[in-house]
Amino acid sequence: MYKAKFNYQQTSFLTSAPDINALPPDTGIEVAFAGRSNAGKSSALNTLTRQNSLARTSKTPGRTQLINTFRLADEKRLIDLPGYGFAKVPLAVKEKWQKSLGEYLMKRQSLKGLVVLMDIRHPLKDLDQQLIYWAVQSNLSVLLLLTKADKLSPGPRKKTLLEVREASLAFMGDVTVHTFSSLNKQGLTELEQVLDSWYSRDEEADAQHES
Ligand code: GTP
Ligand code: MG
């Protein structure tokens, strides 16, 4: 059993921000969960933190409109970003959100990693690719999480994982790919391992300085 380095179950709600200007101070290390609406972002956060209703989940796509921020530990935050690509959202609202999402990825100093969640049955849509491209351009580490893995049987699941890993090479960045299910917790250890490494990075650099 993998023992996670950080106490993800001790994560607590911090703030809901209507836009990126209202986020907590830009210090420490931040990791954001992004993806199309309904991809399973809030569910994954709840699974990670072992809390049923920390991040709100919904059957109605586009439910999370605010940027919800959570405290994992001192100066370590998790962010639940609003979903993109929901057809019923007016174009002007979509464009405004895409613009502020781009701004957030490029300007936020504390943002070190981006988890891009994609339904394993519909991976790498145009907006997902755009987001991954932006993230790599901004020097962020990226984890592509193929969600709702319980919806596929093992063969097709493995096949999709390998295809997405292959396709992810084109982004030429620090891009990792895993499957995940909030329903049966498959992939939870892998998610924790990746987040552990992102949140420990500054410590490693400090340790090297000291030695
Ligand atoms: P928005 O906030 O609207 O952008 O959506 P979201 O990405 O936060 O998705 P959310 O976690 O609310 O999940 C959307 C729907 O997918 C809900 O009905 C969840 O129950 C379902 N769902 C999420 N994860 C899984 C999973 O691993 N397996 C299955 N079978 N269903 C899931
Ligand atoms: Mg949500």
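Of the listed requirements (1) touching a helix residue (DSSP H, G or I) at 6+ places or on another chain (Cβ under 9 Å); (2) more than 10 Å from ligand 2 (Cβ to nearest atom); (3) under 29 Å from LYS94 (Cβ atoms); (4) touching a residue at least 12 places away in the same chain (Cβ under 8 Å), ALA44 misses just one: (2).
Being out of contact with any helix residue (DSSP H, G or I) (no Cβ under 6 Å at 6 or more places or on another chain) and exposed (fewer than 15 other Cβ atoms within 10 Å of the Cβ) is the filter here, so list the residues in the stretch 166-186 that pass it. If the condition is that a residue be out of contact with any helix residue (DSSP H, G or I) (no Cβ under 6 Å at 6 or more places or on another chain) and exposed (fewer than 15 other Cβ atoms within 10 Å of the Cβ), then GLU166, LEU169, ALA170, MET172, ASP174, LYS185 are the ones that fit.
Selection over the stretch 47-57 of residues that are within 8 Å of ligand 2 (Cβ to nearest atom) and buried (at least 24 other Cβ atoms within 10 Å of the Cβ) gives a count of 0. The set of residues from the stretch 16-25 being exposed (fewer than 14 other Cβ atoms within 10 Å of the Cβ) and within 18 Å of the chain's Cα centre (by Cα) comprises SER16, ASP19. The single residue among LYS125, LYS159, LYS151 that is more than 12 Å from ligand 1 (Cβ to nearest atom), touching a residue at least 24 places away in the same chain (Cβ under 8 Å) and open to solvent by 20 Å² or more (accessible area, probe 1.4 Å) turns out to be LYS125. Could you grab me the full set of residues in the stretch 23-33 that are touching a residue at least 12 places away in the same chain (Cβ under 8 Å) and either closer than 16 Å to SER182 by Cβ or more than 13 Å from ligand 1 (Cβ to nearest atom) (or both)? Once the filter is applied, which keeps residues that are touching a residue at least 12 places away in the same chain (Cβ under 8 Å) and either closer than 16 Å to SER182 by Cβ or more than 13 Å from ligand 1 (Cβ to nearest atom) (or both), the stretch 23-33 yields LEU23, PRO24, ASP26, THR27, GLY28, ILE29, GLU30, VAL31, PHE33.
Residues considered: ALA39, ALA4. Of these, the only one that is in contact (Cβ under 8 Å) with a residue 24 or more places away in the chain, within 24 Å of MET118 (Cβ to Cβ) and within 12 Å of ligand 2 (Cβ to nearest atom) is ALA39. When every residue of the stretch 91-102 is checked against the conditions, at least one turns out to be open to solvent by less than 70 Å² (accessible area, probe 1.4 Å) and within 12 Å of ligand 1 (Cβ to nearest atom). Would you say LEU72 is buried (at least 20 other Cβ atoms within 10 Å of the Cβ), more than 29 Å from LYS151 (Cα to Cα) and among the aliphatic types (A, V, I, L, M)? Answer is yes for this residue.
Of the residues making up the stretch 77-119, those that are within 18 Å of GLY173 (Cβ to Cβ) and in contact with a strand residue (DSSP E or B) (Cβ under 9 Å, 6 or more places away or on another chain) number 12.
The test for being closer than 25 Å to PHE86 by Cβ, in contact (Cβ under 8 Å) with a residue 40 or more places away in the chain, open to solvent by less than 40 Å² (accessible area, probe 1.4 Å) and part of a helix (DSSP H, G or I) does not hold for ASP196. Scan (1) in a helix (DSSP H, G or I); (2) open to solvent by less than 20 Å² (accessible area, probe 1.4 Å); (3) at pLDDT 95 or above; (4) over 21 Å from LYS185 (Cα atoms) for the single condition GLU30 breaks and write down its number. Failed condition: (1). Taking ASN38, is it modelled with pLDDT under 95, out of contact with any helix residue (DSSP H, G or I) (no Cβ under 7 Å at 6 or more places or on another chain) and open to solvent by less than 80 Å² (accessible area, probe 1.4 Å)? Considered against the rule, which asks whether it is modelled with pLDDT under 95, out of contact with any helix residue (DSSP H, G or I) (no Cβ under 7 Å at 6 or more places or on another chain) and open to solvent by less than 80 Å² (accessible area, probe 1.4 Å), ASN38 comes out as yes.
The values are calculated or read from the model by the stated rules, or taken from the named source; none is laboratory data. Computed from a predicted structure; not experimentally measured. Don't worry about glycine lacking a Cβ; one is built from the backbone with ideal geometry, like all the others, and counts go over all protein chains shown. With ligands, DNA and RNA removed, areas are computed over all heavy atoms of the protein, side chains included. Shrake-Rupley method; radii C 1.70, N 1.55, O 1.52, S 1.80 Å.
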